[in-house]
Amino acid sequence: MKFKIKKGDKVEVIAGSNKGKQGIVSQIITDKYRAVVEGVNIVKRHTKPVNNNPGGIVEMSAPLHISNLALLDPKSGKPTRVGFEIRKDKKVRVSKKSGEIIK
């Protein structure tokens with residue numbers, strides 16, 4: 001599946017209880033259409049002690065659905081839609097708001 005959001009992109013949550021929060025995508029889960037964003041959708045996980053890990057309550061970022069995320073425009077820093085264009089014989093992602101290339 002091809003997504004318009006990739007690992008390392010700066011995104012903003014546009015729906016749900018975390019609406020308005022921003023972060024960087026650390027992982028994409030393609031088969032479930034989800035992404036993990038650092039510092040957003042924090043949940044507490046109770047872990048058992050195993051080998052070196054003492055266990056206890058660990059806070060971690062839970063995955064969000066891709067449809068609830070919007071890529072941030074590199075120029076203005078506001079949420080934007082993403083388009084594709086061919087520039088210099090290469091397909092690139094382009095911000096619909098400013099026309100800037102998204103790296």
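The values are calculated or read from the model by the stated rules, or taken from the named source; none is laboratory data. None of these values were measured; they are calculated from a predicted model. Neighbour counts are summed over all protein chains in view; Cβ atoms, including those assigned to glycine, are modelled from backbone coordinates with ideal geometry. Surface accessibility is based on the protein's heavy atoms, side chains included, excluding ligands, DNA and RNA. Shrake-Rupley method; radii C 1.70, N 1.55, O 1.52, S 1.80 Å.
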Select from region 61-83 the residues that are under 19 Å from Lys97 (Cα atoms) and open to solvent by 60 Å² or more (accessible area, probe 1.4 Å) and list them in ascending order. Ser67, Pro74, Lys75, Ser76, Lys78, Arg81
Give me the pairs: first residue in region 86-103 and closer than 20 Å to Asp9 by Cα, second residue open to solvent by less than 80 Å² (accessible area, probe 1.4 Å) and of a type in the set (Lys, Arg), beta-carbon distance under 8 Å, and six or more apart or on different chains, which are they? Ile101/Arg93; Ile102/Arg93
With the first residue restricted to region 27-55 and required to be more than 13 Å from Leu69 (Cβ to Cβ), and the second required to be β-branched (Val, Ile, Thr) and open to solvent by 90 Å² or more (accessible area, probe 1.4 Å), Cβ contacts under 7 Å at 6 or more apart or on different chains are Lys44/Ile57; His46/Ile57
Picked from region 89-103 (must be open to solvent by less than 40 Å² (accessible area, probe 1.4 Å) and touching a Pro at 6+ places or on another chain (Cβ under 8 Å)), the residue modelled with the highest pLDDT is Ser95
What do you reckon, is Gly23 assigned to a loop (DSSP other than H, G, I, E, B) and open to solvent by less than 80 Å² (accessible area, probe 1.4 Å)? no
If I ask for residues that are under 15 Å from Asp9 (Cβ atoms), in contact with a Ser or Thr (Cβ under 6 Å, 6 or more places away or on another chain) and open to solvent by 40 Å² or more (accessible area, probe 1.4 Å), which ones from region 27-60 would you list? Glu38
Condition met for Gly16 (touching a helix residue (DSSP H, G or I) at 6+ places or on another chain (Cβ under 6 Å) and either of a type in the set (S, T, N, Q) or part of a loop (DSSP other than H, G, I, E, B) (or both)): yes
